[in-house]
Amino acid sequence: MTSSELWTRATADRYDAEEAESSSAAALEPTLACLAELAGDGRALEFAIGTGRVGVPLRERGVPVVGIELSEHMAAVLRRKIAEDVLPVFVGDMATTVVPGEFTLVYLVYNTISNLLTQDEQVECFRNAARHLEPGGRFVIELGVPPLRFLPPGQVAVPFDLSEGHLGFDTFDLVEQILVSHHFTRDGDDGRYRRGNSRHRYAWPAELDLMARIAGLELERRVADWDGAPFAQDSAKHISVWRKPT
């Protein structure tokens, strides 16, 4: 039950190199500190764990982590880093896959809930998180705020990266709430660019709050980044924490 695009072996093999900056110890420190605090003495479940960019260092901090990942190729890259008995990964979609036990924390970072391309699937993702949480446990999502304010009348594209080795922009279907991220990435030193794209369903914070309510979760806090900056009308993203009532 998923409309998510399945990540290929080629994409999985180059993922860590392309995300090296966001995977550095300095970049991840606020994320790991926040997640470790929320997990407390319990276990954490990561939806769409990918190659373990967050899950592996969180496990190395002493937090027991279990992952769910749709792409076998992404999970295979993770498995090169850490043993199955140390960090188990279940291959399946994050909206319906059920793993054994209860967790104090379920988390979904790096805009990944947008990989589910329908509202129904995103609602089921919240329900699945609630299903795995023990009473008092928390569900955390990191997600960008749709940058629709940057769209003047008649324009459907917004650039998000103009760096030397990468050009990126998003195009929007405002009726279906679908954005397509377009990437032009420099390959090697010959000046050639590799083109790729991925589809996402964007959602507003208030829409996520309603999904959480449907799943029986309550909003505990919302901040603008992992350091806890206040969420404001000009915030580019949010970290939202919902709690399962005791």
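Eigen-decomposition of the gyration tensor built on the alpha-carbon atoms of the range 9-50 gives equivalent ellipsoid semi-axes of 24, 15, 5 angstrom, largest listed first.
Accessible surface of the range 93-177, 1.4 Å probe: 55 percent of it comes from carbon and sulfur atoms.
Across the chain, the longest run free of exposed loop sites, meaning trypsin sites (Lys or Arg not before Pro) lying outside DSSP classes H, G, I, E and B with no more than 10 other Cβ atoms within 10 Å, spans 81-191. The share of accessible area on the range 179-245 that comes from carbon and sulfur is 49 percent, using a 1.4 angstrom probe. Dividing the convex hull volume of the alpha-carbon atoms in the range 183-246 by its residue count gives 153 Å³ per residue. Spread over its residues, the convex hull of the C-alpha atoms of the range 1-141 is 98 Å³ per residue. In the elastic network of the chain, a GNM with C-alpha springs shorter than 10 Å, the most mobile of G188, G55, G101 is G188. State the percent of C-alpha pairs, over all pairs in the range 70-144, separated by a distance greater than 14 angstrom. Tail of P(r) above 14 Å: 66 percent of Cα pairs.
Rolling a 1.4 Å probe over the protein heavy atoms gives the chain an accessible area of 50 Å² per residue.
Modelled this way, with points 7 Å down the Cα-to-C-beta line, the labels at A26 and S198 are 2.5 nm from one another.
Only alpha carbons enter this Debye calculation for the range 118-192, each as an equal point scatterer, and the log10 of I(q)/I(0) it gives at q = 0.18, 0.23 Å⁻¹ is -0.88, -1.05.
State, as an integer percentage, the relative contact order of the chain based on alpha-carbon contacts under 8 Å between residues 6 or more apart. Normalised by residue count, the contact order of the chain is 17 percent.
Among the chymotrypsin sites (Phe, Trp or Tyr not before Pro) within the range 114-206, which fall in a DSSP loop and have no more than 11 other Cβ atoms within 10 Å of their own Cβ?
Filter output for the range 114-206: empty list.
Rounded to two decimals, the Cα-based Rg/Rh of the chain, with Kirkwood Rh, is 0.95.
The values are calculated or read from the model by the stated rules, or taken from the named source; none is laboratory data. Model, not experiment: these values are computed from the prediction. Quick reminder, even Gly has a Cβ in these numbers, built from the backbone with ideal geometry, and neighbours come from all protein chains shown. Side chains are part of the model used for accessible areas, which takes the heavy atoms of the whole protein and leaves out ligands, DNA and RNA. Shrake-Rupley method; radii C 1.70, N 1.55, O 1.52, S 1.80 Å.
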